[in-house]
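Here the structure is laid out as structure tokens; the discussion comes afterwards.
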Amino acid sequence: MWNLENKTAVVTGGTKGIGRATVLELLALGAKIIFSARNASEVAKFESELKKNGHQAFGIVSDVSTRKGREAIVSEVQKRFTQLDILVNNAGINIRKKAHDYSEEEYQKIISINQTAPFLLSRDLFSFLKASENASIINVASVAATLDVGTGSPYAMSKAALVMQTKNLAVEWAKDGIRVNAVSPWFTKTPLTDGLLQQKERMEPVLDHTPLARVAEASEMANVIAFLAMDKSSYVTGQNVIVDGGVGLSAL
């Protein structure tokens, strides 16, 4: 069956954009979910909304770039579940600047959230994922991991590292019954990209070189993530699924 009945999941960055769409999709397919975000009011509002609709969803305030934030997620998993079937490392940020304009603090912040946090959280939740014997980690990377799309060097570097993390852990953890894949979105309508998408002069060439001639909806990324979370993708691991409307097939 194409469902996630009786599956348990953690989704980081779960109140906005791709993370929010992923929470909604996994819940619709029958999963029980713990989602995290840094904004307490947004977490509480989304959790209340989901529970009113009868979903088993539990929100937690957590900054995954900190040890305290990751420990809070681990504690919640231990409290709610006996095992973890799905981990979606979605939390991410970007600061768009020319390379020489970044401060060291800005650089470290991007690397910490986009690259280091997914590795450490995956490691911290390893025992719960192993207990599933059929777990799936999905890392949300970016087309910027493989193409220069003008999003800034630190962001591209962090996402490229996330793709390599995906490949390495897929091999290392295969014997533990854990599949690891990445999804690399092209420009997608989210709060993170809203300002950029409003810049007509910036977006026109992007759309001109995208065969499907539009940006993606967050739900379209969530659909791919959901497939990788399902048992239906049981022989897929170590892959970076590029969801780009065909842009990688044309010369920019």
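The values are calculated or read from the model by the stated rules, or taken from the named source; none is laboratory data. As the structure is a prediction and not an experimental result, all values here were calculated from the model. Please note: Cβ atoms are built from the backbone with ideal geometry, for glycine as well, and neighbour counts cover all protein chains shown.
Considering 161, 144, the condition of being surrounded by fewer than 22 Cβ atoms within 10 Å (Cβ to Cβ) and either touching a strand residue (DSSP E or B) at 6+ places or on another chain (Cβ under 9 Å) or not hydroxyl-bearing (Ser, Thr, Tyr) (or both) is satisfied by 161 alone.
Flag not set for residue 12, criterion: over 23 Å from residue 223 (Cβ atoms) and out of contact with any Gly (no Cβ under 6 Å at 6 or more places or on another chain). Scanning region 33-44 for residues that are part of a helix (DSSP H, G or I) and of a type outside the set (A, V, I, L, M, F, W, C), we see that the one that is surrounded by the fewest Cβ atoms within 10 Å (Cβ to Cβ) is 41. The single condition among (1) within 30 Å of residue 42 (Cβ to Cβ); (2) modelled with pLDDT of 95 or more; (3) not hydroxyl-bearing (Ser, Thr, Tyr) that residue 231 does not satisfy is (1). Across region 43-92, the qualifying residues are those that are without any contact (Cβ under 8 Å) to a residue 40 or more places away in the chain and in contact with a Leu (Cβ under 6 Å, 6 or more places away or on another chain), and the one among them that is nearest to residue 127 (Cα to Cα) is 57. Of the residues making up region 217-252, those that are closer than 17 Å to residue 28 by Cβ and aromatic (Phe, Trp, Tyr) number 1.
When you go through 30, 13 one by one, which is the residue that is assigned to a loop (DSSP other than H, G, I, E, B), crowded, with 23+ Cβ neighbours inside 10 Å and in contact (Cβ under 8 Å) with a residue 12 or more places away in the chain?
Details: 30 fails: crowded, with 23+ Cβ neighbours inside 10 Å.
Being assigned to a loop (DSSP other than H, G, I, E, B), crowded, with 23+ Cβ neighbours inside 10 Å and in contact (Cβ under 8 Å) with a residue 12 or more places away in the chain holds for just one of 30, 13, which is 13.
Name every residue in region 167-205 that is hydrophobic (A, V, I, L, M, F, W, C), part of a loop (DSSP other than H, G, I, E, B) and at pLDDT 95 or above, in order of residue number.
Within region 167-205, 173 is the sole residue that qualifies.
Only one of the numbered conditions (1) at pLDDT below 85; (2) in contact with an Asp or Glu (Cβ under 6 Å, 6 or more places away or on another chain) is not met by residue 226, and that is (1).
Please verify whether residue 65 is among the polar types (S, T, N, Q) and assigned to a helix (DSSP H, G or I), treating the condition exactly as stated. Against the criterion (among the polar types (S, T, N, Q) and assigned to a helix (DSSP H, G or I)), residue 65 does not qualify.
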